[in-house]
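One structure is given here, and the rest of the page talks about it.
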Amino acid sequence: MEKSARAPEHPDVTLALIAGGRGTRLSGVAKGLLVVEGLTVMERQLALAPLFAEVVLVANAPEPYARFGLRTVPDAIAGKGAPGGVHAALGAARTPWVFAVACDMPFVSAEVVRAVLAARREDVDAVCGEVAGRWEPLLAVYRARLAGAWGDALAEDPSLRRLLERARTQVLPESELRAVDPRLRAWVNVNTHEELALHSVSLPPR
């Protein structure tokens, strides 16, 4: 993928696309290749690239995404699911901050990304939103230096929320999120055939 000639809006942040496993509930398709309005989810997310210094794909089976030409890293500690994916992104980053997005989130917007990034402070190590009482760690920004402590903690198989609770995390309330995304579309993820139909998302052509 060719890098834009323009300077990134946030040169201190890497965008990490967390591919995770194959979508077993979606006939094994790579979820970043799901199609919305003629574009794959991956293409829609890569439209955010000008905001960032670099894009990194975290994938243990990267072959379906080869055509995008992204720097790709596997989990550094195998078998830890989404916490392991974020840890791999933190360890691979060449910038002080990492913005992590799951590859099954088709509707992430630049406005939402900017709102999360704007909440960073000197005394904060991570920023995520809260939707329906749940913290949303796969649309969130992290200091890359969390990688060491995060890696040590993975031996306990913690949830992403538990890891965030151990860090200095700023949690944005739902009211603030709705100010930039009234329907909270950015936090939609697609994992089932029912969700495909609900959000007008299609399987990739065979």
Problem set entry | Table column - 3J(HN,Hα) (Hz), the range 111-121, Karplus curve with 6.51, -1.76, 1.60, x for Gly and Pro | 5, 5, 4, 4, 5, 5, 5, 5, 7, 5, 9
Exercise. Long-range amide H contacts for Phe52: which residues qualify at under 5 Å (H placed 1.01 Å from N, peptide plane, sequence gap of 5 or more or a different chain)?
Worked result: Glu9, His10
Exercise. Just how large is the dipole of the range 69-132 about the Cα centre, in debye to the nearest 20, putting +1 at every Lys and Arg Cβ and -1 at every Asp and Glu Cβ?
Worked result: 240 debye
Problem set entry | From phi via Karplus (6.51, -1.76, 1.60), per-residue ³J(HN,Hα) for the range 129-143 in Hz, x at Gly/Pro | x, 10, 10, 6, x, 10, 6, 10, x, 9, 8, 8, 10, 9, 6
For this session: State whether the chain is rounded, prolate or oblate according to the following rule on the C-alpha gyration tensor (a ≥ b ≥ c being the square roots of its eigenvalues): a/c under 1.5 gives rounded; otherwise a/b larger than b/c gives prolate, and the remaining case gives oblate.
Result: rounded
For this session: With label points built 7 Å along Cα→Cβ from the Cα atoms of Ser159 and Ala7, find their separation and express it in nm.
Result: 4.2 nm
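Ignoring everything except DSSP H segments at least 4 long, calculate the 222 nm mean residue ellipticity for the chain; use -39,500 (n - 2.57) per segment, divide by total residues, nearest 500.
Value at 222 nm, helices only, nearest 500: -7000 deg cm²/dmol.
Read-outs throughout are calculated quantities, based only on the coordinates presented, and are distinct from any laboratory measurement. Computed from a predicted model, the values in this text were never measured in an experiment. All Cβ positions, even for glycine, are placed from backbone atoms using ideal geometry, and neighbour counts span all protein chains on display.
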